[in-house]
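A.B. asks: Here it is, the structure, as structure tokens.
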Amino acid sequence: MEKYNFTEAEDKWQKKWEESGIYKAQFLKDRKKFYVLEMFPYTSAQIHMGHVRNYTIGDVIARFFAMNGFNILHPIGYDAFGMPAENAAIKQKIPPKEWTYKNIGTIGRQLKKLGISYCWERELATCDPEYYRWNQYFFLQFYKKKLVYKKLSLANWCPSCNTVLANEQVVDGGCWRCSSAVEQKELSQWFVRITDYAEKLLDFSGIKNWPERVITMQKNWIGKSYGCEVHFSMPELKKELTVFTTRPDTLFGATYVVISPRHPVVKEILAKSRLKKDIESFLARVRNQNITVETTAKMEKEGIYAGIDAVNPVNSEKIPVWIGNYVLLEYGTGAIMAVPAHDQRDFEFAEKYGLPVRIVIKDPEWETVPEKLQQAYESEGAMINSGTFDGMGSAECIVAISKSLEKQGKGKQTVNYSLRDWCISRQRYWGTPIPIIYCKKCGAVSVPEKDLPVILPEDIEITGKGESPLKNSNRFLHCKCPECGGDAERETDTMDTFMDSSWYFLRYASGDTKDKPFSKDEVNYWMPVDQYIGGIEHAILHLLYSRFFVKVLNDMNYLNFNEPFENLLCQGMVIKDGAKMSKSKGNVVDPEKVIQKYGVDTLRLFILFAAPPEMDLEWAETGIEGAWRFINRVWAMDSNIRNYTDTDKNNGDVSVEKLINRTIRGITEDIRKEFHFNTAIAKMMEFTNGLHRIIEEQASSKEKLVDAWKKFIKLMAPFIPHTCEEMWEIHGNRQSVFNESWPAVEEKYLKDEESSVAVQINGKVRGRINIVSGSSEAMVMENAMKNPDIFKWLEGKTVVKRIYVAGKILNLVVK
């Protein structure tokens, strides 16, 4: 037997695939489509094992659906703008463009070595003017619709990256990219009005299958809450202070109010307060703190008495006004009422500063109301110390007090969102120029669409200092006003790179379109993406912005769909020695070295077999060696089958037919249902064990043995494509195995493996279904739903509990 030469086979088939254009996507309206997409890579130096896992998962899915008759779009490109290129330019003294395109060449070569079935004809890079001209185009369309605006605001400033960060890019008080402590700096910024779409972004009805935790993370970030705006008067300032609360039932227990250090009323307080110097000292200390919804939960709460009082509208009681570092100007009204008896954060603040605690909700388990609380009581109960509302249930009182305030003109019921508008201004060079011109006579003027793209100049010195390097390019900065023809200057901020990645999947879906961002017909054919694959770390940033972009473009009649990604798979990390692979930890494994030693199919097989896609994968050299042994065993078995000699011992070929059909059914189910590639590979191993016994016992004719083996080659092909192409060709096939159809199950060979399962609904047997032994619970449930005698008892109802006793009974509890 000739030894499998993986290097020769991989080079051969990668060349053939490229020359034949087998993976080139075609716009075929009459074909059912499947669009599979992995989040595109940033143009760092080279790909790592996390990339290998991500792209291999997507490749198996793409190849599987192609063999099942779908018209496939599986594109690739590069997220090419951003800070790392500028940092490299400073460090290595080379232009960002040169560094970026050098890395694109490296990454492209590495991806081709992985044998990924990409449509290379649709390759793109976001730093290409032919791409970012359409970023500018969309900016102008948003600007026309007043979805983009500029305002002076405090910004999250990273002193290390020397740039502004969006709220979402601040993680635990640090920069999401370099972890430096983030400061506050007042700048004139461009914002996208994403808050206009808060309610639409809370509608996930257009999504088929996303991880529940991703949906929850987005809902929490948008942060919809129902409550009441309450007006407290401030006699010393002769004005009202409005607070937002979700708990108006606790209003009688408010013993102080707290305002944000950035609240506009602070200036008026400083003009009136006898504590001006102390307040200014406090403000100087806390104003540079980066405060977000996430950090307020963990940070030390600090405050100072403002020297003035507010009047509680429900009992006319004067209560002190405090300034607190934990109150966000961007959330609600920038002021809160503090009820220490019924909010743990307020309780801890009151304990720290000796502020009063008044109980207004009685715990049903208390025999008597305690004189002093050990912690806040935050649950429901009966109202006490609340005037005419005493004795009422606290939940009922939320509505009652809200209505009472509205009637008196002292408040109103409202809805609040945590979501803030998206700051897209960046004081950097390597990004999309914002297409605005400033004229002393005409003001801010849009660059005419015919003049797009506004090209980044290349004669730039990048110093890493705070202001945009574009300010130092006279050729870029100075221009003529499109309206009056007078002297003008260009905007020198560039766009946040999340603008680039919020619509790239639409550009992929449009082929070689030059005169518009995409072809509407093609995009509406391919979109939404059927299967999107990427890390959970993008749950809020990229995924939320992409959903927003698509919803806006749908409203503008560019698209006839309103969600970009129907199904989302968040793959786990690749870890080694218990930690995520990183250069700093010294636990990085170079994919290229593994490929040189074992071949890319071995690496693919290990990556897919070591763990389910959504789980973290622990790197193990023994696992790689095991995958290598399996591929060699398959190669040897292929040779044995070709050299097999017929005998009269076969049992009518039943054994081999049962084995291959059981394997087809199992692997198909594993891939189609939950992408359980690891269990699919386990079934491949079981098949080779079973087939080995059949060969040894000579229990099959050669014809049936070869037929079963060819079907098995097809089953393995999405996982180890080079090996399978080589074996397929050796068996006399002239066209690629990926031009073949996925094997179909012949149920007649599995009839004697069937069992009857009783289906109970709310304790009563409503029917029986026949299943193939070993079927998963999901398959049993699917068969039950297809049975009309059973489905009529489920129609219009929700299954709240499911109990399955394998091969015997399926018990469903519905309501």
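The values are calculated or read from the model by the stated rules, or taken from the named source; none is laboratory data. This structure is a prediction, so every number in the text was calculated from the model and none was measured. All Cβ positions, glycine included, derive from the backbone under ideal geometry; neighbour counts span all protein chains shown. With ligands, DNA and RNA removed, areas are computed over all heavy atoms of the protein, side chains included. Shrake-Rupley method; radii C 1.70, N 1.55, O 1.52, S 1.80 Å.
A.B. asks: Helix-only estimate, please: 222 nm mean residue ellipticity of the chain, summing -39500 (n - 2.57) across DSSP H runs of length 4 or more and dividing by its residues, to the nearest 500. Write out the running numbers ahead of the final one.
C.D. replies: Numbers: 26 runs with 299 residues, N = 815.
It lands at -11500 deg cm²/dmol.
A.B. asks: Extending each Cα 7 Å along its Cβ direction at Asp30 and Glu130, get the distance between those two points in nm, one decimal.
C.D. replies: Taking the two extended label points, one gets 3.1 nm.
A.B. asks: Another question, if that's okay. Would you mind estimating how fast region 754-814 diffuses translationally, via Stokes-Einstein at 10 °C and 1.306 mPa s with the Kirkwood radius over Cα pairs, in µm²/s?
C.D. replies: Working: Rh = 11.3 Å.
Estimated via Stokes-Einstein, D reaches 141 µm²/s.
A.B. asks: Which of Trp628, Met684, Thr647 sits farthest toward the positive end of the charge dipole of region 619-686, with +1 on the Cβ of Lys and Arg and -1 on the Cβ of Asp and Glu?
C.D. replies: Met684
A.B. asks: Quick one: Cα convex hull volume of region 687-793, Å³ per residue?
C.D. replies: Details: hull volume 15.9 nm³, N = 107.
So the per-residue hull volume is 148 Å³.
A.B. asks: Sticking with this one: Ratio to report: Rg/Rh of region 224-417, with Cα atoms as the point set and Rh obtained by the Kirkwood method; give two decimals.
C.D. replies: Details: Rg = 16.3 Å, Rh = 17.1 Å.
Here the Rg-to-Rh quotient is 0.96.
A.B. asks: Mind ordering 330-343, 313-326 by average Cβ neighbours within 10 Å, highest first?
C.D. replies: Working: 330-343: 22.7, 313-326: 18.4.
In decreasing order of mean packing, 330-343, 313-326 become 330-343, 313-326.
A.B. asks: Let me ask something additional. From the residues Asn770, Trp793, Trp742, which one has its Cα farthest along the dipole of region 701-815 in the positive direction, the dipole being from +1 and -1 charges on Cβ of Lys/Arg and Asp/Glu about the Cα centre?
C.D. replies: Result: Trp793, furthest along the dipole toward the positive end.
A.B. asks: Report the normalised scattering of region 9-70 as log10 I(q)/I(0) at q = 0.13, 0.27, 0.28, 0.30 Å⁻¹, calculated by the Debye formula with identical scatterers on the alpha carbons.
C.D. replies: Results for region 9-70 at q = 0.13, 0.27, 0.28, 0.30 Å⁻¹ read -0.48, -1.21, -1.21, -1.21.
A.B. asks: Here is a further query. State, to one decimal in nm, how far the label point of Glu236 lies from the label point of Lys372, with both points 7 Å from Cα in the Cβ direction.
C.D. replies: Computed distance between label sites Glu236 and Lys372 equals 2.9 nm.
A.B. asks: Another question about this same structure. Nearest 20 debye, what's the magnitude of the dipole of region 488-615 about its Cα centre given +1 on Lys and Arg Cβ and -1 on Asp and Glu Cβ? If you can, show how the numbers build up before the last one.
C.D. replies: Working: 14 positive and 19 negative charges, 110 e Å.
My answer is approximately 520 debye.
A.B. asks: Turning to a different aspect of this structure: Just name one of Phe81, Cys481, Cys158: the one whose Cα is farthest towards the positive end of the charge dipole of the chain (beta-carbon charges, Lys/Arg +1, Asp/Glu -1).
C.D. replies: Cys481
A.B. asks: Determine the dipole magnitude for region 620-749: charges of +1 sit on the beta-carbon of Lys and Arg, -1 on that of Asp and Glu, nothing else is charged, the reference point is the Cα centre, and the result goes in debye to the nearest 20. Don't jump to the answer; show the numbers that get you there.
C.D. replies: Details: 18 positive and 21 negative charges, 35 e Å.
Once rounded to the nearest 20, the dipole reads 180 debye.
A.B. asks: Restricting to bridges with both residues inside the chain, how much of the DSSP beta-bridge set is antiparallel, in percent to the nearest 5? Working shown, then result.
C.D. replies: Details: 74 of 97 bridges.
Taking every DSSP beta bridge with both residues in the chain, the antiparallel ones total about 75 percent.
A.B. asks: Roughly how tilted is helix 600-609, in degrees to the nearest 10 and between 0 and 90, from the longest Cα axis of the chain?
C.D. replies: 60 degrees
A.B. asks: When DSSP assigns beta bridges and you keep just the ones with both residues in region 224-417, what percent turn out antiparallel, to the nearest 5? Spell out each step's value before the answer.
C.D. replies: Values: 27 of 30 bridges.
Percentage antiparallel, nearest 5: 90.
A.B. asks: Further question on the same structure: Just how large is the dipole of the chain about the Cα centre, in debye to the nearest 20, putting +1 at every Lys and Arg Cβ and -1 at every Asp and Glu Cβ? Mind dumping the intermediate values first?
C.D. replies: Values: 109 positive and 108 negative charges, 250 e Å.
With only Lys, Arg, Asp and Glu charged at Cβ, the dipole is about 1200 debye.
A.B. asks: Let me ask something else about it. With r defined as the distance between the Cβ atoms of Thr463 and Lys200 and R0 fixed at 56 Å, what FRET efficiency is calculated, to the nearest 0.05?
C.D. replies: 0.85
A.B. asks: Same structure again: Using 0.36 nm per residue of separation minus the Cα-Cα distance, give me the extension gain between Glu183 and Glu123 in nm, one decimal. Don't skip to the answer; put the middle values down first.
C.D. replies: Working: separation 60, 0.36 × 60 = 21.60 nm, distance 3.82 nm.
Net length gain for the segment: 17.8 nm.
A.B. asks: While we're on this one: What whole-number volume per residue, in cubic angstrom, does the convex hull of the C-alpha atoms of region 36-134 give? Don't skip to the answer; put the middle values down first.
C.D. replies: Values: hull volume 9.9 nm³, N = 99.
In region 36-134, the Cα hull volume divided by residue count equals 100 Å³.
A.B. asks: Expressed in whole Å with the largest first, what are the equivalent ellipsoid semi-axes of region 125-267 derived from the C-alpha gyration tensor as the square root of 5 times each eigenvalue?
C.D. replies: On the way: eigenvalues 228, 107, 66 Å².
Sorted largest first and rounded, they come to 34, 23, 18 Å.
A.B. asks: Can you give the convex hull volume of the alpha carbon atoms of region 632-691 per residue, in Å³? Working shown, then result.
C.D. replies: Values: hull volume 4.8 nm³, N = 60.
Enclosed volume per residue, from the Cα hull, is 80 Å³.
A.B. asks: Thinking of region 620-749 as a set of Cα atoms, what percent of all their pairs are more than 17 Å apart?
C.D. replies: Working: 4860 of 8385 pairs.
Pairs farther apart than 17 Å: 58 percent.
A.B. asks: To continue, here is another question. Express the carbon and sulfur contribution to the solvent-accessible surface of the chain as a percent, rounded to the nearest whole number, probe 1.4 angstrom.
C.D. replies: Values: 17220 of 35960 Å².
Looking at the chain in its full context, I get 48 percent from C and S.
A.B. asks: Once the Cα atoms of helix 6-20 and of the chain are each reduced to a long axis, what angle between those two axes, in degrees from 0 to 90 to the nearest 10, is obtained?
C.D. replies: In the chain, helix 6-20 runs at an angle near 80 degrees to the longest axis.
A.B. asks: Find the Cα radius of gyration of region 362-462, compare it with 2.2 N^0.38 Å by division, and give the number to two decimals. Present the calculation step by step, with values, prior to reporting the outcome.
C.D. replies: Details: Rg = 28.8 Å, N = 101, 2.2 N^0.38 = 12.7 Å.
Against the compact-globule rule of thumb, the ratio is 2.27.
A.B. asks: So, one more: Please state, to two decimals, what the Cα-based radius of gyration of region 393-514 comes to when divided by 2.2 N^0.38 Å (N = residues).
C.D. replies: Values: Rg = 23.5 Å, N = 122, 2.2 N^0.38 = 13.7 Å.
Scaled against compact globular proteins, the figure is 1.72.
A.B. asks: How do Phe518, Phe27 rank by accessible surface area computed with a 1.4 Å probe, from largest to smallest?
C.D. replies: On the way: Phe518 10, Phe27 75 Å².
Largest accessible area first, the residues go Phe27, Phe518.
A.B. asks: According to the square roots a ≥ b ≥ c of the eigenvalues of the Cα gyration tensor, what is the shape class of region 370-421, taking rounded for a/c under 1.5, prolate for a/b larger than b/c otherwise, and oblate for the remainder?
C.D. replies: Details: a/c = 2.56, a/b = 1.30, b/c = 1.97.
Oblate is the answer for region 370-421, as a/c is 1.5 or above yet b/c matches or exceeds a/b.
A.B. asks: Just round it to a whole percent: the fraction of Cα-Cα distances in region 427-470 exceeding 11 Å.
C.D. replies: 71 percent
A.B. asks: Taking the highest mean first, how do the peptides 800-810, 695-705 order by number of other beta carbon atoms within 10 angstrom per residue?
C.D. replies: On the way: 800-810: 13.4, 695-705: 17.0.
Going by the mean number of other Cβ atoms within 10 Å, highest first, we get 695-705, 800-810.
A.B. asks: Quick check: residue separation of Arg213 and Ala45 times 0.36 nm, minus the Cα distance between them. What number comes out in nm?
C.D. replies: Values: separation 168, 0.36 × 168 = 60.48 nm, distance 3.16 nm.
Computed gain between Arg213 and Ala45 is 57.3 nm.
A.B. asks: Sticking with this one: Please check which bits of region 10-46 a label hung off Glu2 would reach, taking the label as a point 7 Å along Cα-to-C-beta and the cut-off as backbone N under 16 Å.
C.D. replies: 10-13, by backbone N distance to the label point.
A.B. asks: On average, how much accessible surface per residue is there in the chain, in Å², for a 1.4 Å probe, leaving out ligands, DNA and RNA? The partial results should precede the final answer.
C.D. replies: On the way: 35960 Å² over 815 residues.
I get 44 Å² per residue for this part.
A.B. asks: Between region 351-426 and region 716-751, what is the C-alpha centre distance in whole Å?
C.D. replies: 66 Å
A.B. asks: Moving on to the next point. Given that just one value was derived from the coordinates, which of (1) 56, 38, 23; (2) 54, 34, 26; (3) 97, 38, 21 is semi-axes √(5λ) of the Cα gyration tensor in Å?
C.D. replies: Checking each listed value against the structure points to (1).
A.B. asks: Okay, next question. Which order do you get for Ile694, Ile384 if you rank them by accessible area with a 1.4 Å probe, largest at the top? Let's see the in-between values first.
C.D. replies: Details: Ile694 15, Ile384 35 Å².
Highest to lowest solvent-accessible surface, that is Ile384, Ile694.
A.B. asks: Follow-up. Counting each pair of different Cα atoms once, what's the Kirkwood radius of region 199-267 in Å, rounded to one decimal? Don't skip to the end; give the middle numbers.
C.D. replies: Details: mean 1/r = 0.0644 Å⁻¹.
One decimal place: 15.5 Å for the Kirkwood radius.
A.B. asks: Quick one: helix 621-642 against the long Cα principal axis of the chain, what's the angle to the nearest 10°, folded into 0 to 90?
C.D. replies: So the helix axis and the longest Cα principal axis differ by about 30 degrees.
A.B. asks: Work out how much length Glu782 to Glu746 would gain on full extension: take 0.36 nm times their residue separation and subtract the Cα-Cα distance, in nm to one decimal. Write down the numbers at each step before the final one.
C.D. replies: Values: separation 36, 0.36 × 36 = 12.96 nm, distance 1.91 nm.
Answer, rounded to one decimal: 11.0 nm.
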